[in-house]
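Taking it in order: structure first as structure tokens, then the write-up.
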Amino acid sequence: MNFSSLIFPVILSAFALYVVFSKKEVQNGFISGAKEGLNGAFSLIPTLVLLLTAVSMFSASGASELLGKLLSPILNKVGVPSELAPLLIVRPLSGSGATALLTDVFEKHGPDSFIGKCASVISGSSDTVFYVTALYMSGAGATKSRYTLPCAIAVMLFGTVLSCLIVGILG
């Protein structure tokens, strides 16, 4: 048995001993923290429902495919395979939709192809921009997010081009 397998039991035991010998009201602190967490989660539900509905409508309407076809020439010029256009459109909107598209890329081109490697790096190094922005702004109570979304999208685009460049260099 190595030391790393004992870390979690030691931490739990130390916490249990602290609770037993502490004269603080640990239970009340836990309950009030849990209430705060639940209130925060409930306040985010309307934002999440709106966002998930919008993402579903965007994908179901075929707008993501049309936009992908329009972006293909630009993507080819900056070194990003045009086959990744649908992934690049869906990734900022839906993590599960992007995962499904990543699976399609693997089935069509293979995971070890240049396209498959680019798709893997892009999926691993980017996030659902609209979801994260909506969630954080709603959670923080921010009302002015003027530059947040454009900056987040610019960083994602830069990361996409850089991902394909690095994959091309490393082979």
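Annotations
- Top-ranked residue of the range 134-153 - restricted to ones that are loosely packed, with under 12 Cβ neighbours inside 10 Å and assigned to a helix (DSSP H, G or I), ranked as farthest from the chain's Cα centre (by Cα): 140
- The helices (runs of 4 or more DSSP H) found wholly in the range 47-114 and carrying at least 1 residues that are out of contact with any His (no Cβ under 9 Å at 6 or more places or on another chain), of a type outside the set (Lys, Arg) and surrounded by fewer than 16 Cβ atoms within 10 Å (Cβ to Cβ) occupy 63-77, 95-109.
- Pairing residues of the range 117-141 that are closer than 26 Å to residue 80 by Cβ and touching a residue at least 12 places away in the same chain (Cβ under 8 Å) with residues that are of a type in the set (Phe, Trp, Tyr) and part of a helix (DSSP H, G or I), at Cβ distances under 9 Å and at least 6 apart in sequence or on separate chains, gives 119/106; 120/106.
- Applying the criterion of being crowded, with 20+ Cβ neighbours inside 10 Å and of a type in the set (A, V, I, L, M, F, W, C) to the residues of the range 115-133, the residue that is nearest to residue 154 (Cα to Cα) is 122.
- Which listed residue is part of a helix (DSSP H, G or I), of a type in the set (Gly, Ala, Ser), out of contact with any Cys (no Cβ under 7 Å at 6 or more places or on another chain) and at pLDDT below 80, from 4, 13, 32: 4
- A Cβ distance below 8 Å, combined with a sequence gap of six or more or placement on separate chains, defines the contacts here; from the range 97-116, residues that are over 19 Å from residue 64 (Cα atoms) reach residues that are part of a helix (DSSP H, G or I) and of a type in the set (Gly, Ala, Ser) in the pairs 106/116; 106/119; 109/116; 110/116; 111/120; 114/168.
- Qualifying residues in the range 19-35 (those that are of a type in the set (D, E, K, R) and exposed (fewer than 10 other Cβ atoms within 10 Å of the Cβ)) - the one farthest from residue 140 (Cα to Cα): 23
- Residue 101, sole failed condition from (1) modelled with pLDDT of 85 or more; (2) within 20 Å of residue 76 (Cα to Cα); (3) in contact with a helix residue (DSSP H, G or I) (Cβ under 6 Å, 6 or more places away or on another chain): (1)
The values are calculated or read from the model by the stated rules, or taken from the named source; none is laboratory data. Bear in mind that the values here come from a model prediction, so they are computed numbers and not experimental data. Every residue, glycine as well, gets a Cβ built from its backbone with ideal geometry; the counts of neighbours run over all protein chains shown.
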